[in-house]
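In what follows, a single structure is set out as structure tokens and then discussed.
Any read-out appearing in this document is the output of simple, stated calculations on the displayed coordinates, not a laboratory observation. Values in this document were obtained by computation on a predicted structure and should not be read as measured data. Please note: Cβ atoms are built from the backbone with ideal geometry, for glycine as well, and neighbour counts cover all protein chains shown.
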Amino acid sequence: MLGKLIKHEFRASGRTMLPFLGAVLALAVLAGISARMIDTDRDYGLLQVLFGLFIFLFVMGIIAVCVVAFVVMIQRFHKNLLNDEGYISFTLPVTADEHIFSKLIVSFIWFLATGVVLMIAVLVMTLTTVPGAIGWEDFRGIFGPDGVLNASRIWEVFSVWDIVGYVLEGILTLFIISCGMCLHFYAAMAIGYSFANRKALLSVVFYFVLSAVMSVLQNIAISVTGNTGIFEALSSINMSNVSTSAAGHIAMLVICGAGLLEAALYYIPTTLCLRKRLNLA
């Protein structure tokens, strides 16, 4: 059922996200084309106005798609589980955990897609504005036999499997951070909607209450592990017996563990409130 929930979430959220992502790419192309058409030595008033307009819309589009990604994440949880749809959602043969994980997974994919689209949009605008700004020689200068990577002898320190491991660990880290951020909102809303009145206001209040509680727990953890927390714990490892690549993997996994613990602390009140205290009246 988790797969079906994810599919449903993609359909529901895609109606909002896909047009915004497409609009950002289109505005990047239009802004780049209008910039190319401007001759700085001559006065093209209309083209300058269009260029300014497209640049403004492009920047606004970037801001809008980032905001919409957060709004969709919150709106889907609220509408699907805490509003009238909740009566239907909780009659399905699906656990509260599956509902939560489907939303976490879809939210992460949209966050990741937003980041990728924004990078592509900037690249498209650059290539459209300045033809040949990034060419084959630039890639050779980085990845070629005499490129920066080979000159720095990075392959002698990190193997291909190390690079693959870092990529996978990076994706895992981003997923855990995304889950922690989403669960912060989910926990606040789940607690707020367990009351009979002023649910939205209480959700906002509990968001800041949870932030304060997490801040206190982090300060306690820092007082136990030292002033620099995780980094001091990592520095205490006997690095003479650990290679540079292994030290990097250890650091990534420790960061993942810390993020996972924070996400779990938000997950517990979320799932408990959905199972035991949810008030849809």
- Taking the stretch 51-105 on its own, how many of its residues are among the β-branched types (Val, Ile, Thr) and either buried (at least 16 other Cβ atoms within 10 Å of the Cβ) or in contact (Cβ under 8 Å) with a residue 60 or more places away in the chain (or both)? 9
- Mind checking which residues of the stretch 72-101 are in contact with a Leu (Cβ under 7 Å, 6 or more places away or on another chain) and in a helix (DSSP H, G or I)? Leu81, Gly86, Tyr87, Ser89, Ala96, Glu98, His99, Phe101
- Task: For the stretch 102-113, state whether one or more residues are farther than 28 Å from Gly170 by Cα, in a helix (DSSP H, G or I), within 23 Å of the chain's Cα centre (by Cα) and aliphatic (A, V, I, L, M).
- Result: no
- Message: Checking Leu104 against (1) touching a Cys at 6+ places or on another chain (Cβ under 9 Å); (2) farther than 24 Å from Pro269 by Cα: exactly one of these is not met. Which one?
- Response: (2)
